[in-house]
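Please read the structure below before turning to the comments.
The values are calculated or read from the model by the stated rules, or taken from the named source; none is laboratory data. For clarity, every value in this text was computed on a predicted model and none was experimentally measured. Note: ideal-geometry Cβ built from the backbone for every residue, glycine included; neighbour counts use all protein chains shown.
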Amino acid sequence: MIVLVTKEDIMRLTGYSKSQAQSLIRKAKADLVQNGFSWYDNKRVGRVPLKSIEHILGFDLTPKHDIIDTVLEGTTIDEGVQNGSN
């Protein structure tokens with residue numbers, strides 16, 4: 001299934017500012033139009049495939065990379081640290 005993202009999704013997943021997220025959406029749309037997807041040649045379209053954004057950034061954006069999940073995975077409880085306070 002193709003996952004579509006908005007600027008709000010990009011902001012949440014990356015921590016980028018609103019203007020940076022909007023810039024990524026514009027770049028992804030321009031790339032898609034250049035590759036023959038004329039649907040994206042419309043200023044009202046605000047969703048683009050996640051894979052397009054990942055291609056621009058050069059890394060995967062998944063919930064696993066979301067800062068909340070990263071913090072939860074990096075806790076001492078998950079790493080098995082025992083100091084008597086757990």
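All told, residue 16 meets the bar of being within 14 Å of residue 57 (Cα to Cα), hydroxyl-bearing (Ser, Thr, Tyr) and surrounded by 11 or more Cβ atoms within 10 Å (Cβ to Cβ). Could you tell me whether segment 20-31 includes any residue that is in a loop (DSSP other than H, G, I, E, B) and out of contact with any His (no Cβ under 6 Å at 6 or more places or on another chain)? For segment 20-31, residues in a loop (DSSP other than H, G, I, E, B) and out of contact with any His (no Cβ under 6 Å at 6 or more places or on another chain): absent.
Scanning segment 32-48 for residues that are assigned to a helix (DSSP H, G or I) and surrounded by fewer than 14 Cβ atoms within 10 Å (Cβ to Cβ) yields 34, 38, 39.
Of all the criteria given as (1) over 11 Å from the mean Cα position of the chain (by Cα); (2) modelled with pLDDT of 95 or more; (3) part of a loop (DSSP other than H, G, I, E, B), the one not satisfied by residue 86 is (2).
Any chance you could count how many residues in segment 12-25 are free of Cβ contacts under 8 Å to residues at least 24 places away in the same chain and over 13 Å from residue 50 (Cα atoms)? Here the count works out to 7.
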